[in-house]
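S.K.: Quick one: this structure, given as structure tokens, is what I'll be asking you about.
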Amino acid sequence: MVVPGPDHIEERERVYPPPEELKADAHVPDFSSYLALYKKSIEEPEEFWGNVADEFYWDSRPTAGHPILQYNFDVTKGNVFVKFMEGAKTNLCYNVLDRNVLERNFGDRVAYHWEGNSADHQQDITYSQLLKHVCRCANVLRLMGVKKGDRVAIYLPMVPELVCSMLACARIGAVHSVVFAGFSADSLCERILDAQCSVLVTADGVYRGDKLINLKQIANEALERCREKGSSTVQKCVVVRHYALRTNTGEASNKLQTPWDAAVDVWWDEALDGVCDECEPEWLEAEDPLFILYTSGSTGKPKGVVHTVAGYMLYTALTFKYVFDYHFDDVYWCTADIGWITGHSYITYGPLANGATSVLFEGIPVYPHVGRFWEVIEKYRVSKFYTAPTAIRLLMKYGREPLLKYDLSSLRVLGTVGEPINPEAWHWYHEVVGQGRCPIVDTFWQTETGGHVLTPLPAATALKPGSATLPFFGVQPSIMSELGEELEGEAEGYLVFRSPWPGIMRTVYGNQERFETTYFKKFPGFYVTGDGCRRDKDGYYWITGRIDDMLNVSGHLLSTAEVESALTEHDSVAEAAVVSRPHAVKGECLYCFITLKDSTEFTHTLKDELKKQVREKIGPIATPDFIQNAPGLPKTRSGKIMRRVLRQIARNEKDLGDLSTLADPKVVEVLFSQRCEAAA
């Protein structure tokens, strides 16, 4: 690797050097320090990760004589596995709460500024308060019979009880499965059944913007579907009185009339009333599971990604500290939802492991006004701000004026997550939000990686708009050709990793075969991300998008197969194919080709029904933007749909290349003539 500079970079490609003012107290103050630490992390992993581990509490240390990191990535040589600090025992909840309160005297320090959907709903939560509340919640779970290894489903909005529930599970060794509160009853049911959860934690309802969502009703429908399938394992449903207690509208008594099953349902506040606020932690093996988080799979069935205690704890703590260059006086805000991995790693575990003060935000960027983000930054004097390119593109539409009303001078580091950021959005974020003085850490990682794997460091890395730059410590990326050749120098191909880091996933819950097939079978000896990547002459990495049948909508992965399955469940649909189309705000959106059954008419009513069906089966995030009537689909003679052609039709790209393998090339002309110009 070389430091990008004017001598070896094309004139048209501007490079942004790290701000000098960050270097004085930065954890990684310059590029040479980065190189030295990176070299140590690769060549001396025992010492590197041992030093990180020394900052945490261990009930017992790793077994003597074992390497700190053991693994096999080669499916031809046996089962794929990763083991980190084998033999060690610890508890993640103890390390992020008790250690901060008892050892670091952070009890009175604010852990979270909770900012509700409405600006007049807010609450500061100290580390001592959080510890006591988590202990009470953990004791309640134990009273309900939850023990080490049991799974607990959490279906909550962005409220303090979401963090408490996760940490309570971590304290007693239960495995939490957080389900994004925007998912449908079917999606919740599927995840409950796959993990065989014994308890569900949800809320009565929540406002998202000005829309009231009856979460308890959705949870009831999910549990009913579980029972219909004959395999419901949920014994208790704990309900947070969020809507009833945190709204001042006086509507609580009549707007959410939801059936209540006294044998299963219990109010959160009543369950915790009078319960002891001390709870002895369960000391867990380093490789015991911490949580399951479901991510879309190319087959349509979500994959339960499993992360384990010790490796995930150290990796999220270290990436948070270095990537955001976190310091004691910082106020940090990640705008993601905890229902996604970003919220797990960089709202809950990473910040708390560092004793950070964070903003926990329930709202949306444009409610009750388009300056809400900037208002919150000014209100709490946020210094480190982490958001998605989708949000940036949305707010760009409103121009500079909303920002001019607020003081953003507290900002020191900006970050992006979820998808590659386009240069236009990068420049607006840098120049308008960051006022030209804040570096942007454009982070690449996945649910499966647990934490950042390609990322700049604020004081050490020169930036190129749109590039995730260089690997984090302990991470060894490579680019592979379709033929399985590891490419050197400037290259483009499959992004893979040749060895693990502590925070990488350990398996797919209940399906080791799927784990190995999805991530390791294509290139034995390497973890395959599913993303395309380009490496430039300076060694910088540029993510070019998904290679498999996945879509990245607003920073969230969706499976084309999952959406197609939802569409074809409609009685009028014979066949469906879904591809991506560029979207000015979301990055990508869903463009759906629908082949109808005989004698069925393609109408606006039908399109509305199909959109509703997808929303109900998967969730609002999967709602199609375009639905096109397709009398036929472009298929090879063997019957395989040529998605490349469909993507080009969706994007109105007329140069289709070689179509000789199509069984009926004329179908392409028909599809072009009927393509959608406006959203459905």
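The values are calculated or read from the model by the stated rules, or taken from the named source; none is laboratory data. Everything quoted here is computed from the prediction, not taken from an experiment. Note that each Cβ is placed from the backbone with ideal geometry, even for glycine, and that neighbours are counted across all protein chains shown. The protein model used for the area step is the full one, side chains on, heavy atoms only, and it has no ligands, DNA or RNA in it. Shrake-Rupley method; radii C 1.70, N 1.55, O 1.52, S 1.80 Å.
S.K.: When only the heavy atoms of the protein chains count and the probe is 1.4 Å, how do Glu221, Glu562, Glu46, Glu375 rank by accessible area, highest first?
M.R.: Greatest to least solvent exposure: Glu46, Glu221, Glu375, Glu562.
S.K.: Heavy-atom accessible area of Ile213 with all protein chains present, probe 1.4 Å, nearest 10 Å²?
M.R.: 40 Å²
S.K.: Now for a different question. Just to be sure I understand the model, the point goes 7 Å from the Cα along the line to the Cβ. What's the resulting Ala119 to Leu656 distance in nm?
M.R.: The two pseudo-label positions are separated by 5.3 nm.
S.K.: May I ask you to give the solvent-accessible area per residue for the chain, in square angstrom, as obtained with a 1.4 angstrom probe?
M.R.: On the way: 26010 Å² over 680 residues.
Result: 38 Å² per residue.
S.K.: On each of the three principal axes of the Cα atoms of the stretch 376-495, give max minus min coordinate, whole Å, ordered largest first.
M.R.: Projected onto its principal axes, the Cα set of the stretch 376-495 covers 55, 28, 26 Å.
S.K.: If you average the C-alpha positions of the stretch 386-438 and of the stretch 98-143 separately, how far apart do those two centres end up, in angstrom?
M.R.: With the stretch 386-438 and the stretch 98-143 each reduced to a Cα centre, they are spaced 30 Å.
S.K.: If the viscosity is 1.306 mPa s and the temperature 10 °C, what Stokes-Einstein diffusion coefficient in µm²/s follows for the stretch 118-268 when Rh is the Kirkwood radius over Cα pairs? Before the final figure, lay out the partial values.
M.R.: Values: Rh = 15.7 Å.
So the translational diffusion coefficient is about 101 µm²/s.
S.K.: Tell me, what does the Kirkwood hydrodynamic radius of the stretch 448-542 come to in angstroms if you use every pair of distinct C-alpha atoms? Don't skip to the answer; put the middle values down first.
M.R.: Details: mean 1/r = 0.0708 Å⁻¹.
Every distinct Cα pair counted, the radius reaches 14.1 Å.
S.K.: Sticking with this one: From largest accessible area down, sort Phe515, Phe328; use a 1.4 Å probe on the protein chains.
M.R.: Numbers: Phe515 5, Phe328 120 Å².
Ranked list, largest accessible area first: Phe328, Phe515.
S.K.: With θ set to phi - 60°, apply the Karplus curve 6.51 cos²θ - 1.76 cosθ + 1.60 along the stretch 334-348 and write out the HN-Hα couplings as whole Hz, x wherever there is a Gly or Pro.
M.R.: Listing the rounded values in order: 10, 8, 5, 9, 5, x, 10, 4, 4, x, 4, 7, 10, 10, 8 Hz.
S.K.: Given the stretch 413-475, report the % of alpha carbon pairs whose separation exceeds 17 Å.
M.R.: On the way: 684 of 1953 pairs.
I get 35 percent for the Cα pairs in the stretch 413-475 exceeding 17 Å.
S.K.: Using 0.36 nm per residue of separation minus the Cα-Cα distance, give me the extension gain between Ile42 and Gln196 in nm, one decimal. Provide the component values of the computation, followed by the final result.
M.R.: Numbers: separation 154, 0.36 × 154 = 55.44 nm, distance 3.87 nm.
Separation in residues times 0.36 nm, less the Cα-Cα distance, equals 51.6 nm.
S.K.: Keeping all protein chains in position, work out how much accessible area Asp625 exposes to a 1.4 Å probe, and write it in Å² to the nearest 10.
M.R.: The value for Asp625 is about 20 Å².
S.K.: Rounded to the nearest 10 Å², what accessible area does Ser673 show when all protein chains are kept and the probe is 1.4 Å?
M.R.: Near enough 90 Å² of accessible area.
S.K.: Provide, for q = 0.20 Å⁻¹, the log10 of I(q)/I(0) from a solvent-free Debye sum over equal Cα point scatterers in the stretch 545-680.
M.R.: The computed values of log10 I(q)/I(0) come out as -1.26.
S.K.: Considering amide H positions built from the backbone, and no H for Pro or chain starts, which residues 5 or more places from Asp150, or on another chain, come under 5 Å of its amide H?
M.R.: Placed amide hydrogens put Val175 under 5 Å from Asp150.
S.K.: Want the number for His327 to Leu487: 0.36 nm per residue separation, take away the alpha-carbon distance, what's left?
M.R.: Working: separation 160, 0.36 × 160 = 57.60 nm, distance 3.86 nm.
Result for the pair: 53.7 nm of gain on full extension.
S.K.: Can you tell me the equivalent ellipsoid semi-axes for the stretch 53-140? Use √(5λ) from the Cα gyration tensor, largest first, whole Å.
M.R.: Values: eigenvalues 272, 70, 27 Å².
One finds semi-axes of 37, 19, 12 Å for the stretch 53-140.
S.K.: Something else now. On a 1.4 Å probe surface of the protein chains, which of Ser599, Ser481 comes out largest in accessible area, and what is the full order? Don't skip to the answer; put the middle values down first.
M.R.: Numbers: Ser599 130, Ser481 20 Å².
Highest to lowest solvent-accessible surface, that is Ser599, Ser481.
S.K.: Taking the Cα centre of the chain as origin, sum charge times position over the Cβ atoms of Lys and Arg (+1) and Asp and Glu (-1), and report the length of that vector in debye to the nearest 20.
M.R.: Working: 71 positive and 91 negative charges, 182 e Å.
The dipole of the chain has a size of about 880 debye.
S.K.: Around Arg208, which amide H atoms from residues at least 5 apart in sequence, or from another chain, sit under 5 Å from its own amide H, with H modelled in the peptide plane?
M.R.: Ile213
S.K.: Within 13 Å, Cβ to Cβ, of Phe626, how many net charges do the neighbouring residues add up to if Lys/Arg are +1 and Asp/Glu are -1? Mind showing how you got there, number by number?
M.R.: Numbers: positive: Arg581, Lys586, Lys607, Lys611, Arg647, Arg651, Arg675; negative: Glu588, Asp625, Glu677.
Here the charged neighbours net out to +4.
S.K.: I want the antiparallel fraction of DSSP beta bridges within the chain, as a percent rounded to 5. Intermediate values should be presented prior to the final figure.
M.R.: On the way: 60 of 99 bridges.
So the antiparallel bridges in the chain amount to around 60 percent.
S.K.: Which value in Å does the Kirkwood hydrodynamic radius of the stretch 197-347 take, with 1/r averaged over all unlike C-alpha pairs and then inverted? Please report the intermediate quantities before stating the final value.
M.R.: Details: mean 1/r = 0.0530 Å⁻¹.
After inverting the mean inverse Cα-Cα distance, the result is 18.9 Å.
S.K.: Considering only protein heavy atoms and a probe of 1.4 Å, how much of the accessible area of the chain is carbon and sulfur, as a whole percent? Before the final figure, lay out the partial values.
M.R.: Numbers: 12620 of 26010 Å².
In the chain, the share of accessible area belonging to carbon and sulfur is 48 percent.
S.K.: If the viscosity is 1.567 mPa s and the temperature 4 °C, what translational diffusion coefficient in µm²/s does Stokes-Einstein give for the stretch 104-199 when Rh comes from Kirkwood over Cα pairs?
M.R.: 89 µm²/s
S.K.: Using the structure shown, list the pairs from Lys301/Lys521; Lys40/Lys83; Lys211/Lys617; Lys521/Lys617; Lys301/Lys617; Lys597/Lys654 with a Cα-Cα distance above 22 Å, or answer none.
M.R.: On the way: Lys301/Lys521 19 Å; Lys40/Lys83 20 Å; Lys211/Lys617 20 Å; Lys521/Lys617 30 Å; Lys301/Lys617 12 Å; Lys597/Lys654 28 Å.
Correct reply: Lys521/Lys617; Lys597/Lys654.
S.K.: Please list the three semi-axes, largest first and in whole Å, of the ellipsoid equivalent to the chain, using sqrt of 5 times the eigenvalues of its alpha carbon gyration tensor. Don't skip to the end; give the middle numbers.
M.R.: Working: eigenvalues 258, 215, 141 Å².
With the √(5λ) rule applied to the chain, the semi-axes are 36, 33, 27 Å.
S.K.: I would also like to ask the following. Using the Cα centre as the reference, give the magnitude of the dipole from point charges on the C-beta atoms of the stretch 104-247 (Lys, Arg: +1; Asp, Glu: -1; all else neutral), rounded to the nearest 20 debye.
M.R.: On the way: 19 positive and 14 negative charges, 122 e Å.
Here the size comes out at about 580 debye.
S.K.: ³J(HN,Hα) across the stretch 175-181 via Karplus (A = 6.51, B = -1.76, C = 1.60, θ = phi - 60°), whole Hz, x for Gly/Pro?
M.R.: Whole-Hz 3J(HN,Hα) from phi for the stretch 175-181: 9, 8, 10, 7, 10, 3, 6.
S.K.: Okay, moving on. Could you tell me what a quarter of the Cα convex hull surface of the stretch 319-375 works out to, in nm² with one decimal place?
M.R.: Working: hull surface 16.5 nm².
Computing the convex hull of the Cα atoms and averaging its projections yields 4.1 nm².
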